[in-house]
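The values are calculated or read from the model by the stated rules, or taken from the named source; none is laboratory data. If you're wondering where the values come from, they're calculated on a predicted model, not measured in any experiment. Neighbour counts run over all protein chains shown; Cβ positions are idealised from the backbone, glycine included. Ligands, DNA and RNA are excluded from the accessible area calculation, which covers all protein heavy atoms including side chains. Shrake-Rupley method; radii C 1.70, N 1.55, O 1.52, S 1.80 Å.
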Amino acid sequence: MVKLFDTSGNGYIEVNVSDFYCNDFPCYFARTGKKTYLRDFNEPFYTVPAMITGNRPADGGHLIIEAKDYDDFIKREPKAKQYIKRLIGSKEFIQNLPRYCLWLVDCPPNELRKMPLVYQRVQLCREARLKGAPDRQKLAATPWLFRETRNPDNYLVVPETSSQRREYVPIDYMNSDTIPLNSLHLILDAKLWHFGVLTSLPHMAWMRMVCGRLRNDYRYSVNVVYNNFPWPPFNREVERTASEILMVRRKYPDASLADLYDPLLMPKDLRKAHERNDRAVMNAYDFPKNMTEAQMQIAFMNMYESTVNLLKLMSGKEI
C-alpha cells in the first residue's frame with residue numbers, strides 16, 4: 001500500500017502497488033517511506049516499464065555470423081548450431097534480414113573446446129579486444145561473450161532509427177530466440193497497453209516533435225522520447241485495438257515491417273486497425289476526434305511542463 005499525495009502535498013489516497021498500471025492517478029505523486037519519491041532523469045516520468053538498449057558485441061565481428069556464411073559454418077561446425085541465435089539491429093528488424101551470432105552464454109568450456117571453428121573465433125575476439133581502448137581490453141577476460149548478455153523473453157522492440165516516410169515507427173514483440181543489438185531499444189514485459197500507446201498517432205506526434213535526426217531518419221532515444229513521454233490514463237480499449245494490429249500483421253507472414261509500413265503499400269486492413277487504435281488512444285487522453293498533430297504536440301508540451309513543475313515543487317530545486 002502506498003499513499004498518493006495530491007499536488008498540494010496535503011491530501012492523499014491509498015492505493016495498492018499492484019493497482020499501478022501506467023498513469024491511473026495523474027493528479028498524484030508517490031511518497032514512500034520517509035521521503036518523497038523523485039524521478040531520476042534515466043527513468044520514465046510515469047509508471048511504465050523501463051526502456052533499455054540492446055547488446056554491444058564489442059567483438060571485432062568474430063562472434064557474428066553473416067547470412068552468406070551461415071550454411072557453410074554449420075556444415076563445417078555442426079555442433080555449434082545449438083549455440084547460434086538470430087541477431088537483429090534496426091535494419092534486420094525492420095527489413096526482416098537474416099543475421100546470426102554465436103551466443104555462448106550457456107556453453108561449458110569443455111564443449112567450446114570441441115568446436116575448433118568456434119574456439120578460433122573466440123580467440124580472435126580476445127585479440128581484437130586487447131588491441132582496443134582500456135574498457136574494451138577488460139572484456140578480453142570473457143571473449144566468448146558480448147559486452148552485454150541481454151537475452152530476455154517477451155520484450156517489445158523499438159528501433160533507434162526509422163525512416164521519416166513512415167507514419168508509424170515499426171515496433172513489435174520478440175522472444176529469447178533473437179539477440180537484439182544496441183541499435184534497438186527494448187521494453188521488457190511490455191503489455192498490449194504499452195504497445196498500443198507507443199504505436200499510436202499521439203505517440204508519433206510526440207516522437208516527431210522531440211526526437212533527434214540522422215539525415216532524414218528519426219532517432220528514437222530513451223531519455224528524450226520515451227522517458228519524458230506523457231502517458232494517458234489506462235484505457236482497456238487500447239489493449240483490444242493493439243491486439244487487433246498484431247492479428248492483422250499475422251495475415252502477412254512473408255511481409256517485413258518495411259513492407260507493411262511503407263506508406264504506399266500499407267495494407268488497407270492494417271491501416272484501419274491503426275486508425276482504430278489511434279482513436280482509442282486519443283480517447284484515453286480525452287483528445288477530440290478532429291485534433292491535429294500540431295494541437296497534440298501543444299497539449300503534450302503542456303502536460304510535460306506541468307509534470308516538470310510538480311517535480312520542481314517536490315524537490316525544491318531546478319531539474
- Message: Using a 1.4 Å probe on the protein heavy atoms only, what accessible surface does T178 show? Give it in Å² to the nearest 10.
- Response: 10
- Task: Go through I88, I64 and list them by solvent-accessible area, largest first, probe radius 1.4 Å.
- Result: I64, I88
- What ratio of Cα Rg to 2.2 N^0.38 Å holds for the stretch 155-312? 1.02
- Note on the structure: Sorted largest first, the C-alpha extents of the stretch 266-308 along its principal axes in whole angstrom are 40, 18, 18
- Message: Can you list residues from other chains, or at least 5 along the same chain, whose modelled amide H is less than 5 Å from the amide H of L87?
- Response: R99, Y100, C101, I179
- Task: Could you please state how large a percent of the accessible area of the stretch 46-203 is carbon and sulfur, counting protein chains only and using a 1.4 Å probe?
- Result: 48
- Message: How long are the semi-axes of the equivalent ellipsoid of the stretch 131-202, taking √(5λ) for every eigenvalue λ of the Cα gyration tensor, in whole Å from largest down?
- Response: 31, 16, 9
- For the stretch 157-237, what value does the Rg/Rh ratio take when both radii are computed over Cα atoms and Rh is the Kirkwood radius, given to two decimals? 0.95
- Query: How big is the accessible area of E293 in square angstrom, nearest 10, if you roll a 1.4 angstrom probe over the protein chains?
  - Reply: 60
- Task: Give, in nm to one decimal, the length gained when the segment between T149 and R213 is fully stretched (0.36 nm per residue of separation minus the Cα-Cα distance).
- Result: 20.2 nm
- Task: State, to one decimal in nm², a quarter of the convex hull surface area for the C-alpha atoms of the stretch 67-167, i.e. the direction-averaged projected area.
- Result: 8.5
- Task: Leaving ligands, DNA and RNA out of it, work out the accessible area of K91 with a 1.4 Å probe and give it in Å² to the nearest 10.
- Result: 130
- Using the Kirkwood radius over Cα pairs of the stretch 85-139, the Stokes-Einstein translational diffusion coefficient at 10 °C and 1.306 mPa s, in µm²/s and rounded to a whole number, is 120
- Highest-first arrangement of 232-238, 75-81, where packing means the average Cβ count within 10 Å: 232-238, 75-81
- Give the Cα extents of the stretch 238-309 along the principal axes, in whole Å, largest first. 48, 24, 24
- What share of all Cα pairs of the stretch 214-274, in percent, falls into each consecutive 5 Å distance bin? 3, 14, 17, 16, 19, 21, 9, 1
- Task: Mind jotting down the three principal axis lengths of the stretch 62-115 based on Cα atoms? Whole angstrom, largest first.
- Result: 37, 22, 17
